[in-house]
Amino acid sequence: MGRLVLHRLGATIPVLLLVTAGVFSLLHLTPGDPIDVMMAESVDATVKANLRRELGLDRPIAVQYVAWMGRVLRGDLGRSVRNGEPVIENVGRRIRPSLQLALLAMAISLLIAAPVALASAVRRNTSIDRAGTTFALFGICMPNFLLALLLIFFFGVTLRWLPVSGYTDPAEDLIAGVRSLVLPAVTLGLALAAVITRTLRSSLLEALTEDYVRTARAKGLSEWAVIRAHVLRNALIPVVTVLGLQLGTLIGGAVITEYVFGLPGVGRLVVDAVFARDYPLVQGVVLLIAAGFIASNLLVDLLYGWIDPRIRIR
Amino acid sequence: MAAMEPGRNAQSVSRRAFLGWCAAASGAPAAVLGARRAEAQAPAPKKGGTLRVGFYIEAATMDPHLSGSKIDRQVYHNIYEPLVTLDVRLGIKPGLAESWTQPDVRTLVFKLRRGVKFHDGTDFNAEAAKFNFNRMKTEPKSVRKGEVASIDSVDVVDPYTIKINLKRPDAALLATLTDRAGMMVSPKVIQERGSELERNAKGAGTGPFEFVEWVKDDHLVIKRNEAYWNKQGGPYLDRIRYRPIPDDTVKLQSLQAGEIDVMDYVAPRDVAAVKADRNIVVVDVPSLAAFSYQLNTTRPPFNAKALRQAVAYSLDLDQIVKGVWLNVGVPANGPVPPSSWAYDRTIPPIKRDLARAKAKLAEGGQPNGFGFTMTTANIPINIQEAEVIQAQLGEAGIAMKIKLVDAATQLANGNSRNFDMISYQWSGRPDPDGNSYQFFKTTPGTSLNWSGISNPQIDALLDRTRETFNAAERKKLFSDLTRILQDELPMIYIVHPIEPKAFAPRVQGYEPIPDGMMRFKDVWLK
Amino acid sequence: MAGSTPGSGFAEPAATLARADAAPVRDRRWEVVRRAARARLAPFGAAVLLLALVAALGAPLLAPYDPVKQDLGHALAPPGRAHLLGTDSIGRDVLSRMIWGTRVSLVAGFVSVAIAAATGCVLGILAGYAGGRVDGLVMRLMDAVLSFPPLVLALALGAVLGAGLTGVLIALGVVYTPTFARLMRGQVLAIKAREYVDASRALGASGWRVACRHVLPNATAPIVVQASLSVAFAILAEASLSFLGLGIQPPAASWGSMINAGRGYLQQAPWIVFGPGAALFVTVVGLNFVGDAIRDALDPRLRT
């Protein structure tokens, strides 16, 4: 197991190198540069040239990449071109809303998915079941930007129950914070709920056929007691896995949701940085997102092996 | 003061105000009258409250000498003060300088206001002013260098008088000093925490409000300066809280939902609906902006003047302004906006004339029409405008392709002259010089002259506008320039937009200046 | 690598689906039930797909108006007799644009998946067959693509290639490639172990020959299944990109770009968004049914 982890960690190094080299070359192939964007209405060529020199943007790409890599290895992700702020601080600040959004979306998805999946599984092949599976399919097929627009339209503008945009840190003001996160969390959570409904329903059905369940039933336990005592816990394992995998994607991947709702999260940060050609910021964030993604994959793989030795990884 | 009546009246008043703006160019003071009436009805201002302002993007830096972003100025105009400021008709009025004289065309003498203190308690005086100009000229990262390029040196005459020595006559300098280039920052703050100033402007300004905190991506708060030197009027507000809301629709919804009190800009598509909303007050602020397209005169097809003209004569500006801008703007006759004293209303915008366009196509050697690509920003209203232009040109046999790019690509394409026709939305400057010189002057190297126009007649005219100090004479020069540009057509001007701002009805006392900056000194909450 | 095969993280829901499919499910009885359910839904899916194909192919005949014909005097007209689904902000017929937009969506869905499947299969065969260093390199490359934020990839590719459908097709193609490469590699490894491959090798057939002769035909079924399921999500992804303004260039329309253009008018003219929104949703649902049906028909082993 230990060797396996080491091996997998070793394999991530070339991946991260490829990712960073890829983003580096893509960015530099892209027309435009950060100084032009920053000083769009200024025509002073010498000022711009000085700034480029100071930031090292006048050097060949390969040299810039090696220099950047060198700094990264020493733990320095550099500073944003636009506002001079260290990349790590920038990400640190932006990851809070992203994380909160992801967690709330997961909570909401579980709240929806658990009863739906349970009803579907227990009353399988009935109209309840069909309604549940149809819901799951629709949730997956619903484009989230459309859902976001509809939610804003109905709950924010028409009913005015919830704020349509902006972010309050729940740590500062719990109620205002949660209110600011509800609509985006529902947007993300609904699709997630659909996935979890599917997963949970199948795993419940599987668990319901196990021998110990039959034994429990034979002992005369009520259906609900059987489910509570024997089925639910086992059936939740794949759900936990799905959630774990999603966390990596939701942080940094919820670009559209963050955009439409004006949440200052990691996804929006990276897109804004691309538009501003803020090279160090894009590179830093992409590196961190990729590392996070790889880490969550690795974790889930290990978790799998630990939960169920039968599916231990090759 | 102007047009801040609640409810339905807002529309008629603001329309009147806007016509007034245009009239102001020809000398009729309609806007001010309309405003006075509103003021007379208004109850007395009272102190207190927090004003919540929604802006389209977050500020970039708090250091006016390093700022290259338009949005920063919105905050600056409340915490910093320039030597001179603009009045509602773009005239120059005293700011931190009480008065100024011009002994000769190369000298400008400012008498500074006494008793002004920076928020850190230090005095504002001639030494401080000189320090600021030196920093703008020498700081390596200074973005103000170009704006103060005509300044050779600054002398301290006495503790409250400075003399600015110019390298060359610069009639536009005074107007330039109404903004960031004229803003005075505490020398002590710069010396002690210069690098931190970008993020934290505590103690740095002299303005009616002082910096409190800036939580990036979330909010920026300023509070009333209790020791403000000007005892007339405000500041009344306890605090102002700025919030970035990038999406126009969402920002409007936030205003409707009562989450903010002020929004910096209402998109044309929303103007009618917002004006019909009794809970929102709209103020039409005519802007200094000129939205246009630059035509690449250095390569085919637009190196042929006749083909540039063919495009211009094929366009129906009235239809564009009505159909795309929904009349939230006026068709443009050239670079000078109607809000400027230099605007010449006797020059009509170019009229659509398909027969003439056909003749010009033949003259340009393309009797059956030709094809080219328009590069424009990936923004809904730009796309709409491009689509309408495409249809109009199609009727003249000109096949235009549309290429959408992001802002950075647009700048790169423009600077490298890698385009046929490219959109250019200039936010405008108070002096007409800022809307013309850098676009049409023959300048090697970097400039906003993307069209590559180089015309001795235009160059000579532009130089004379900088050496002429008599306003009437300067106005005539800009009229001549506008006429030549309508023939030469390095750029095709489309619209001078209006930039409506929207308020919750409890917001009182806002005075719209056409530079679009929201100065909250005299604003109060009912 | 049990659960670590994220399909595409493009549109957010797309990412989630692939994971759902990856979840281990083994119940047989449940299978029968689902198959029955699908049997009822597959015709619906087929009908939707057929309708979309007809709309795409017959757009010039079916659309009541020229999709780019403007009428500024009748902008934002509500649905009515003249314009069944109303008009947009510059007076174009929403229904006609929607019908023409079907082309874009279907092209985006099918072409990008075709690109991904072709590239992925070649890389998968290469990796699986060559093994060793080549295998390592290819698969690390695929891992890199997977861990690259897809939207950044699309943004940058769009800026490099110039915005437009081509850029979107390539970006989507790149994003979906790893899924196919991994699938193909797995197939190759499985088939390589079988005897008849060894036999033909012993007879002196070259590596590529073996690959083309034996591996490809055997791997077709799972690839087709994966492709049919990916199309729906490629359509969603194209719409997301168009929603961000990265897709097709004006004046042509795609569903995503129509929704983007209409979002500012949600209060005044919701029909601009609702028409293409409904079309998008129904098409994706329908394609999912069809994909499920194809899976059942082609490869019972892959059933979930």
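The values are calculated or read from the model by the stated rules, or taken from the named source; none is laboratory data. The shown structure was predicted, so the numbers you read here are calculated from the model rather than taken from an experiment. Neighbour counts are summed over all protein chains in view; Cβ atoms, including those assigned to glycine, are modelled from backbone coordinates with ideal geometry.
Summary of values
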read-out	value
Within segment C:241-287, considering residues that are of a type in the set (Ser, Thr, Tyr) and within 23 Å of residue B:385 (Cα to Cα), the one farthest from the other protein chains (Cβ to nearest Cβ)	C:254
Every residue from segment B:343-393 that is in contact with a helix residue (DSSP H, G or I) (Cβ under 6 Å, 6 or more places away or on another chain), buried (at least 18 other Cβ atoms within 10 Å of the Cβ), among the β-branched types (Val, Ile, Thr) and not in a strand (DSSP E or B)	B:350, B:388
Within segment B:229-258, tally of residues that are surrounded by fewer than 21 Cβ atoms within 10 Å (Cβ to Cβ) and part of a loop (DSSP other than H, G, I, E, B)	11
Number of positions in segment C:131-179 that are touching a residue at least 24 places away in the same chain (Cβ under 8 Å) and either in a helix (DSSP H, G or I) or of a type in the set (Ser, Thr, Tyr) (or both)	26
Close pairs (9 angstrom Cβ cut-off, 6 or more residues apart or separate chains): more than 7 Å from chain A (Cβ to nearest Cβ) in segment B:400-417, basic (Lys, Arg) anywhere	B:417/B:299
Members of segment B:401-442 found to be among the acidic types (Asp, Glu) and in contact with a helix residue (DSSP H, G or I) (Cβ under 7 Å, 6 or more places away or on another chain), listed by number	B:406, B:431, B:433
Criterion: among the hydrophobic types (A, V, I, L, M, F, W, C) and either at pLDDT below 80 or more than 24 Å from residue A:134 (Cβ to Cβ) (or both) - qualifying residue of C:287, C:229	C:229
Hits in segment B:171-202 - residues which are under 23 Å from residue B:92 (Cα atoms), assigned to a loop (DSSP other than H, G, I, E, B) and either without any contact (Cβ under 8 Å) to a residue 12 or more places away in the chain or in contact with a strand residue (DSSP E or B) (Cβ under 8 Å, 6 or more places away or on another chain) (or both)	B:177, B:178, B:179, B:184
Restricting segment B:142-160 to residues that are surrounded by 17 or more Cβ atoms within 10 Å (Cβ to Cβ) and not hydrophobic (A, V, I, L, M, F, W, C), the residue that is farthest from residue B:188 (Cα to Cα)	B:150
Those residues of segment C:229-278 which are polar (S, T, N, Q) and farther than 18 Å from residue C:107 by Cβ, in sequence order	C:260, C:267, C:268
Test: residue in segment B:105-127 that is over 30 Å from residue B:504 (Cβ atoms), of a type outside the set (Phe, Trp, Tyr) and part of a helix (DSSP H, G or I)	yes
Odd one out for residue B:464 among (1) without any contact (Cβ under 8 Å) to a residue 60 or more places away in the chain; (2) touching a strand residue (DSSP E or B) at 6+ places or on another chain (Cβ under 8 Å)	(2)
Residue match in segment A:136-151 (condition: free of Cβ contacts under 8 Å to residues at least 12 places away in the same chain and more than 10 Å from chain C (Cβ to nearest Cβ))	no
Candidates B:328, B:311 - the one that is surrounded by fewer than 24 Cβ atoms within 10 Å (Cβ to Cβ), in the same structural domain as residue B:487 (by TED's automatic domain parsing), in contact (Cβ under 8 Å) with a residue 12 or more places away in the chain and of a type in the set (Val, Ile, Thr)	B:328
Output for segment C:132-178, where each listed residue is buried (at least 24 other Cβ atoms within 10 Å of the Cβ) and of a type in the set (Ser, Thr, Tyr)	C:147, C:176, C:177
In segment B:411-461, the residues that are within 30 Å of residue C:247 (Cα to Cα), part of a helix (DSSP H, G or I) and in contact with a strand residue (DSSP E or B) (Cβ under 6 Å, 6 or more places away or on another chain)	B:413, B:414
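Yes or no, residue by residue, for (1) of a type in the set (S, T, N, Q); (2) in a helix (DSSP H, G or I); (3) away from chain C (no Cβ under 13 Å):
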| position | (1), (2), (3) |
| --- | --- |
| A:157 | no, yes, no |
| A:168 | yes, no, yes |
| A:177 | no, yes, yes |
| A:180 | yes, yes, yes |
| A:189 | no, yes, no |
| A:193 | no, yes, no |
| A:200 | no, yes, no |
| A:207 | no, yes, no |
| A:217 | no, yes, yes |
